[in-house]
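Asker: First, the structure itself, so that you have it in front of you.
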Amino acid sequence: MDQGRRPNAVVANDNSKIYMDLKSIIKEHTLPFLPAKSLFRFKGVCRDWKLQISTPFFAHNQSNSFHNVSGFFCQSCSNPPTFISLDPNSYGVPDPSLQFLPEPVDIRSSSNGLLCCQGRTGDNAYYICNPATKQWKKLPKPNADHGSNPAIVLIFEPSLLNFVAEYKLICAFSSADFDNALEFEIYSSAENCWRISGEIYFGATKIKPNSGVHVNGIIYWLSKTGGIVVFDLTMERSQRLYGHKNGFYSHNHGCLGVMNEKLASVISSYNQTLTVSVLSNSYTNTMAMNSKVKAWDTKLSVNVSESSEYQGPVLYACEDVIVIQSDRGLYSFDMKTREFGRLTSEADHDIRVVGYMNSLVEL
């Protein structure tokens, strides 16, 4: 009889071992890839998971592992921001209006789970915050006047080697010393101070404030007079880059984005087509006039002429998600599935859209 029980005992031990292995795999190799809202909910699964998720090391690991666009902060005029989740069950923030900050703010930029906001009172101070954890930091006052609607870009690139979140802000502003010129001011969290770059761009152009994006150490802004202003953060050099033939001359209907670590332009042309192009060669400015080398490659062209609800300016583009503003509200376009979806049914032509990633990154 004892011999008859041994196989069951062996099976029970094997099942227990499998369960323990699976439990460990989920905790160590699955949880870090989940969004912040889901993780806060999973703290209630068991004490072990709660302790695991609550550690600074886990937050650091999650901020390096989770990279999905989770939704959009939307804001217009003097209204507080709102948040639109791409998956309300998984993605979300506890206070979409950001009332945990010490004053009402305008959202200026976003990067890998962090927001750059600007206060509406006093010195119009800048704040960096994580809306998932409600952690925030007030930045020192810049040296230059950035204007009422600054063309500022937040850069935060998580690194496994840096347990303290290090980020930078770059603002292009009109020079007070030279006519028709742009200067650049840089904030570094590592040094906790601002400094004005020695670079001056004499391109006689004005920047579209909310158009800035960062790709591999280079910041790009749409120019109101056509083309793109480029600032190399490493070399601290600037130049003008011109759009493709369908491009940024219709900048009021397009935006810059990042797709597969390349600069992308996404344009809605005359309510006919939605065109996505990526920068393939940024050196065409220095080539001969008749050179056949193309600066831009068209990756996608979608006919929207028969669907009025999908016609309008492009407000946001990153990886596989595009946001379009129409007279019927905001719509998203998934580049993988080629499907449109309604985000809001309200038409607000002054609205700004900022993408957000549901991260646990700590400040």
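The values are calculated or read from the model by the stated rules, or taken from the named source; none is laboratory data. Computed from a prediction, not measured in an experiment: that's the story for all the values here. Neighbour counts run over all protein chains shown; Cβ positions are idealised from the backbone, glycine included. Surface accessibility is based on the protein's heavy atoms, side chains included, excluding ligands, DNA and RNA. Shrake-Rupley method; radii C 1.70, N 1.55, O 1.52, S 1.80 Å.
Asker: Roll a 1.4 Å probe over the protein chains and send me the accessible area per residue for the chain in Å². Intermediate values should be presented prior to the final figure.
Answerer: On the way: 18790 Å² over 363 residues.
Solvent-accessible surface per residue comes out at 52 Å².
Asker: Hey, what angle do you get for helix 56-65 against the long axis of the chain, alpha-carbon based, 0 to 90 degrees rounded to 10?
Answerer: 60
Asker: With an 8 Å cut-off on Cα pairs and a minimum separation of 6 or more residues, tell me the relative contact order of the chain in percent.
Answerer: Numbers: 787 pairs, mean separation 54.6, N = 363.
After rounding, I find 15 percent.
Asker: Let me ask another. Please give the net charge around Lys37, taking every other residue with its beta carbon less than 15 angstrom from that of Lys37, where Lys and Arg add +1 and Asp and Glu add -1.
Answerer: +1
Asker: Probe radius 1.4 Å, ligands and nucleic acids ignored: give me the carbon and sulfur share of the accessible area of the chain as a rounded percent.
Answerer: Numbers: 9200 of 18790 Å².
Carbon plus sulfur share of accessible area: 49 percent.
Asker: Which ³J(HN,Hα) values in Hz, rounded to whole numbers, follow from the phi angles of the stretch 184-199 under the Karplus curve 6.51 cos²θ - 1.76 cosθ + 1.60, where θ = phi - 60° and Gly and Pro get x?
Answerer: Coupling constants for the stretch 184-199: 9, 10, 10, 10, 10, 5, 5, 9, 6, 7, 9, 8, 8, 5, x, 7 Hz.
Asker: So what are the radius of gyration and Dmax for the Cα set of the chain, in Å?
Answerer: Computed over the Cα atoms of the chain, radius of gyration and Dmax are 23.5, 98 Å.
Asker: Leaving out ligands, DNA and RNA but keeping every protein chain, what accessible area does Lys43 have, in Å² rounded to the nearest 10, with a 1.4 Å probe?
Answerer: Rounded to the nearest 10, the figure is 60 Å².
Asker: For Glu319, Glu346, what's the largest-to-smallest order of accessible area, 1.4 Å probe?
Answerer: Listed by decreasing accessible area, they come as Glu346, Glu319.
Asker: Sticking with this structure for a sec: What is the sum of charges around Val93, taking Lys and Arg as +1, Asp and Glu as -1, for the other residues whose C-beta is under 10 Å from the C-beta of Val93?
Answerer: Charge balance in the 10 Å sphere: +1.
Asker: For a quick check of your reading of the filter: which GluC sites (Glu not before Pro) in the stretch 183-228 sit in a DSSP loop and have no more than 15 other Cβ atoms within 10 Å?
Answerer: Loop-located and lightly packed - Glu191.
Asker: Treating cross-link reach as a plain straight distance, find the aspartates and glutamates whose alpha-carbon is under 13 Å from the alpha-carbon of Lys23, omitting any fewer than eight places away in the same chain.
Answerer: Output for Lys23: Asp48.
Asker: A further question follows. Once you place label points 7 Å from the Cα toward the Cβ at Glu306 and Thr234, how far apart are they in nm?
Answerer: Distance between the two pseudo-spin positions: 4.8 nm.
Asker: How large is the helix-only mean residue ellipticity at 222 nm for the chain, computed as the sum of -39500 (n - 2.57) over DSSP H runs with n ≥ 4, divided by its residue count, in deg cm²/dmol to the nearest 500? Display every interim value, and only then the final one.
Answerer: Details: 4 runs with 52 residues, N = 363.
For the chain, the value works out to -4500 deg cm²/dmol.
Asker: Take the cross-link list Lys138/Lys206; Lys134/Lys208; Lys141/Lys168; Lys208/Lys294; Lys224/Lys262 and give me the ones stretching past 18 Å between alpha-carbons.
Answerer: Long pairs (Cα-Cα over 18 Å): Lys138/Lys206; Lys134/Lys208; Lys208/Lys294; Lys224/Lys262.
Asker: Hey, another quick one. Amide H of Arg108: which non-local residues (sequence gap of 5 or more, or other chain) have their own amide H closer than 5 Å, using H built in the peptide plane?
Answerer: Cys116, Cys117, Gln118
Asker: Taking the Cβ of Leu256 as the center, what net charge do the other residues with Cβ under 15 Å away carry, scoring Lys and Arg +1 and Asp and Glu -1?
Answerer: It works out to a net charge of +4.
Asker: Can you check how the C-alpha radius of gyration of the stretch 99-140 compares to 2.2 N^0.38 Å, as a plain ratio? Before the final figure, lay out each step's value.
Answerer: On the way: Rg = 9.4 Å, N = 42, 2.2 N^0.38 = 9.1 Å.
Dividing the Cα Rg of the stretch 99-140 by 2.2 N^0.38 Å gives 1.03.
Asker: Between Gly119, Gly212, Gly198, find the one with the highest GNM mean-square fluctuation for the chain; connect C-alpha pairs within less than 10 Å.
Answerer: Ranking Gly119, Gly212, Gly198 by mean-square fluctuation puts Gly198 first.
Asker: Tell me, what is the FRET efficiency for Asp177 and Lys23 to the nearest 0.05, using R0 = 41 angstrom and their Cβ-Cβ distance as r? Mind dumping the intermediate values first?
Answerer: Numbers: r = 64 Å, r/R0 = 1.55.
After rounding, the FRET efficiency stands at 0.05.
Asker: Sorted by accessible area with a 1.4 angstrom probe, largest first, how do Trp136, Trp194 fall?
Answerer: Greatest to least solvent exposure: Trp136, Trp194.
Asker: Report D for the stretch 54-195 in µm² per second (integer): Stokes-Einstein, Kirkwood Rh on Cα pairs, 37 °C, 0.692 mPa s. Mind showing how you got there, number by number?
Answerer: Working: Rh = 16.3 Å.
It diffuses with D of about 201 µm²/s by this estimate.
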